[in-house]
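Quick notes on the structure that follows.
The values are calculated or read from the model by the stated rules, or taken from the named source; none is laboratory data. Since this is a predicted model, take the numbers as computed values, not measurements. Quick reminder, even Gly has a Cβ in these numbers, built from the backbone with ideal geometry, and neighbours come from all protein chains shown. Heavy atoms of the whole protein, side chains included, go into the accessibility calculation; ligands, DNA and RNA do not. Shrake-Rupley method; radii C 1.70, N 1.55, O 1.52, S 1.80 Å.
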Amino acid sequence: MNTQIPAVLTKALRSANHIAVLTGAGVSAASGLPTFREAQTGLWAQYRPEDLATAQAFRKNPKLVWEWYDWRRSLVAKAEPNAAHIALAEMARRVSKFTLITQNVDGLHQQAGSVDVLELHGNIGRTKCFHENVVIESWLETDEVPPLCPRCGGPLRPDVVWFGESLPKHAIDAAGQAAINCDLFLSVGTSGMVEPAASLLRVAAEHGALGVVINPTRIHAPAGVIQIEADAGEALTALLDQRWPQG
Ligand code: OAD
């Protein structure tokens, strides 16, 4: 592990009272979960989002959409948190205020021990009623796909945010506040292509935080943002060692 940490970041890490972190699919890549926009391997290189991740798609072909999420749930069930999830859970224990914001729906941050995670795009492990928009914990397993809501008989869907839908209000409001108030904002493993999450880095930088991108590939970022071109697990472990050296 040889990630170079610029001096300005070391200084910011040492003095930060509030660190906010936004994560994306790249953070779970080392756990074996595909990202979305990478050529060849990204989910959106193989599937069209408009066929699978919109309410219209679900209305048109609920079985196809349910089964695609079922496949993704099976990948998540096999996945374990990696060094990036573990480093972030550890970082939270060491700074006075820490806000973890994620676009991921896989629950791996919580599995690694992170608490109060702001899930902007929901969680693939939860199910809700398509008509009533309420979380449903259990239902009768029949041959019906998707299964039916025990309350209203409507189809069940994953509790994730689809294109064209609003983000959970509490999560996006709290994420916005953290971007405004933090001293250091890390954007990790996200292409920064999807709003409103993508704007959080800019908001943080505009409000005086040091902005840092961690991604093996350079992305479009506001002026003044530091880009560390490295794997999330390597870079976050290096940041922890820099700020809280062992021994
Ligand atoms: P993307 O697939 O758009 O971006 C993933 C980023 O992770 C890319 O920029 C990669 O270069 C980077 N990456 C890959 N491996 C990495 C590693 N080992 N360490 C660090 N970074 C790595 O995924 P997101 O930005 O998360 O939304 O996508 C945002 C949203 O778009 C998703 O939440 C999903 C999708 O459509 C919904 O489904 C609503």
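Summary of values
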item	result
Flag for SER138 being of a type in the set (Ser, Thr, Tyr), open to solvent by 40 Å² or more (accessible area, probe 1.4 Å) and away from the ligand (no atom under 13 Å from the Cβ)	yes
Hits in region 10-39 - residues which are surrounded by fewer than 19 Cβ atoms within 10 Å (Cβ to Cβ) and not aliphatic (A, V, I, L, M)	THR10, LYS11, ARG14, SER15, ASN17, HIS18, GLY32, PRO34, ARG37, GLU38
Residues that are at negative phi, within 16 Å of the ligand (Cβ to nearest atom) and open to solvent by less than 50 Å² (accessible area, probe 1.4 Å), drawn from region 180-195	PHE185, LEU186, SER187, VAL188, THR190, SER191, VAL194
Region 224-240, residues that are open to solvent by 60 Å² or more (accessible area, probe 1.4 Å) and farther than 13 Å from ALA84 by Cα	GLY224, GLU229
Members of region 7-50 found to be more than 22 Å from the chain's Cα centre (by Cα) and more than 19 Å from LEU88 (Cα to Cα), listed by number	ALA7, VAL8
Output for region 91-115, where each listed residue is of a type outside the set (Lys, Arg) and free of Cβ contacts under 8 Å to residues at least 12 places away in the same chain	GLN110
Filter pass, VAL115 being open to solvent by 10 Å² or more (accessible area, probe 1.4 Å) and outside any loop (DSSP other than H, G, I, E, B)	no
The lone exception for GLY42 - which of (1) open to solvent by 10 Å² or more (accessible area, probe 1.4 Å); (2) modelled with pLDDT under 95; (3) among the small types (Gly, Ala, Ser); (4) not assigned by TED's automatic domain parsing to the domain that holds GLN177 it fails	(1)
Any hit, region 42-56, residues being among the basic types (Lys, Arg) and touching a residue at least 40 places away in the same chain (Cβ under 8 Å)	no
Considering residues of region 135-152 that are out of contact with any strand residue (DSSP E or B) (no Cβ under 6 Å at 6 or more places or on another chain) and not charged (D, E, K, R) only, the residue farthest from GLY26 (Cα to Cα)	CYS152
Of residues in region 62-90 being touching a residue at least 40 places away in the same chain (Cβ under 8 Å) and more than 17 Å from the chain's Cα centre (by Cα), the one nearest to GLY189 (Cα to Cα)	GLU90
Residue count, region 202-214 (criterion: open to solvent by less than 20 Å² (accessible area, probe 1.4 Å) and within 16 Å of the ligand (Cβ to nearest atom))	4
Meets criteria (more than 15 Å from the ligand (Cβ to nearest atom), touching a strand residue (DSSP E or B) at 6+ places or on another chain (Cβ under 6 Å) and not charged (D, E, K, R)) for ALA232	no
Pick from region 85-95, criterion open to solvent by less than 10 Å² (accessible area, probe 1.4 Å) and more than 15 Å from the ligand (Cβ to nearest atom), ranking: modelled with the highest pLDDT	ALA89
Residue in region 96-105 that is modelled with pLDDT under 95, closer than 27 Å to ILE228 by Cβ and among the polar types (S, T, N, Q) present	yes
